[in-house]
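Q: Sharing a structure here in C-alpha cells format.
The values are calculated or read from the model by the stated rules, or taken from the named source; none is laboratory data. Fair warning: this is a prediction, and the values are worked out from it, not measured in the lab. Glycine also receives a Cβ, built like all others from the backbone with ideal geometry; neighbour counts cover every protein chain displayed.
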Amino acid sequence: MQSCLHPAAEVEKLFHAFDYISGETFQVARCRECAQAVTLPVPADIGRYYPAGYYGDKKGRRFPAVMEWLQEKLYAWRSGQVLRRLKRKNAKVLDIGCGRGLLLRAFQQNGCDVTGTEFSEGACGFAREVLQLPVHVGLLEQINFPDNSFDVVVMWHVLEHVSDPRPTITEVARILRPGGIFLVAVPNFGSPEARLTKAGWFHLDCPRHLSHHTRESLSRILDEAGLSPKWISALAPEYDNFSFVQSLLNWLGARPNWLYNWLRGQSAKVIGERKSYGSAIATVLLAPVLGVISVPTTLLLALLGRGATLTITAVKKSLPPELP
C-alpha cells in the first residue's frame, strides 16, 4: 500500500486515534492540497491488525442472526438496483475486497458472472470454500485484469482500507467497460457524527482504515479518473443506527467499541474479554435511549446528505479523461 503522495509540508495533523484492538495510537492528518484525510503512519504489516475473528467464524457469521439477515436483504436490493441502472444482461462483476462474499453472491444470484479479490487467503476463506466463489488474492494493481473487463466494479466499504485511493480508482477505471458502473461505499468523514466524535467515531477504525473520505474529496478523485458520479446516497441502514449509538458511547467515555465486540459471535471477537463493568453498565443504560434517538436523527441526516456513510454510484465516461 502506498502512503499519501503529497508533500509532508502540506500535511495538517488533525487528532490522535487509539486502536481499540492493538492498543496503539495513530495520527489522523489531512492534505491541505486536496483535503484527503489519512492515517499515519501506514503500518508496514497491516495484516497483524486484523485478528482471526475479524471476518467471522467458520460459518461466516459475525453478528446476531437478525443483523445478518438484514444485511443479506440489503445486499440483494443493492445488487438489483445496480443492475437496473446498468441495463445489461449477463453482466461481469468484480467485487474488490469481497470479504465473506455475500454481496458478490447477491450479484451471482441475479445472473451475473462474478469475480472477487481479497488481500489474503484467510480473508477470502468463507467466500471460496463455502460459497464457492472465484476470488483472487492480492492487490488490484498486482492482479492486472485486462482493459475493459467488467460491467460492474464494487468496493463496498473497502476503499478506506487503502492509504492512497487514487491508483486504485485509476485501475478501476481501466478495467471497467465504457458505460459500466462503479459502486463505492465509504464512511463519511465529513458527517456531523464524525466531526463531533472525532477519535471516538466508530467508522474511524485506525489503522485498518487508512484513508478518510468526504463527498467532495471522493467525487473529485472519481471524476479525475474518468468516472462520473451519478447517484449519491448517505443512507446505509445496516450501519447508520449502530454507528450513531457506538460512536456516542465511545465519545462519552465507555470502553471503545465494547458494544460492537459484545454483539459479535463468540468466535468473531476482535478484542479480549477484559472485565469492563463500567462500560457494560453505561451501555445497558444508554444504548436503548441512544438507539431510539438514532432513528429520526440518522434518517434526517441521510435526507440532508450528511449521514455517517457515503455511497456513490459512478459511470465510466465513454471518452478517457483529459490529461492536465
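Q: With respect to Val114, determine if the residue is in contact (Cβ under 8 Å) with a residue 24 or more places away in the chain, β-branched (Val, Ile, Thr) and closer than 27 Å to Pro178 by Cβ.
A: In short, no.
Q: In the set Leu204, Leu222, which member is outside any helix (DSSP H, G or I), under 30 Å from Arg174 (Cα atoms), aliphatic (A, V, I, L, M) and in contact (Cβ under 8 Å) with a residue 24 or more places away in the chain?
A: Working: Leu222 fails: outside any helix (DSSP H, G or I).
So the residue among Leu204, Leu222 that is outside any helix (DSSP H, G or I), under 30 Å from Arg174 (Cα atoms), aliphatic (A, V, I, L, M) and in contact (Cβ under 8 Å) with a residue 24 or more places away in the chain is Leu204.
Q: Return the only residue of Gly253, Gly190 being out of contact with any helix residue (DSSP H, G or I) (no Cβ under 7 Å at 6 or more places or on another chain) and part of a loop (DSSP other than H, G, I, E, B).
A: Gly253
Q: Now a separate question. Which of the residues spanning region 13-32 are modelled with pLDDT under 90 and surrounded by fewer than 14 Cβ atoms within 10 Å (Cβ to Cβ)?
A: Hit for region 13-32 is Arg32, nothing else.
Q: Considering only residues of region 98-123 that are within 25 Å of Leu86 (Cβ to Cβ) and among the hydrophobic types (A, V, I, L, M, F, W, C), which is surrounded by the fewest Cβ atoms within 10 Å (Cβ to Cβ)?
A: Leu102
Let's see how each residue does on (1) among the charged types (D, E, K, R); (2) touching a Phe, Trp or Tyr at 6+ places or on another chain (Cβ under 7 Å):
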site	(1), (2)
Leu139	no, yes
Ser149	no, no
His157	no, no
His161	no, no
Arg166	yes, no
Thr170	no, no
Ala173	no, no
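Q: Same structure, new question: Among (1) free of Cβ contacts under 8 Å to residues at least 24 places away in the same chain; (2) farther than 25 Å from Ile21 by Cα; (3) of a type outside the set (Ser, Thr, Tyr), which single condition is Ala280 missing?
A: Exception for Ala280: condition (2).
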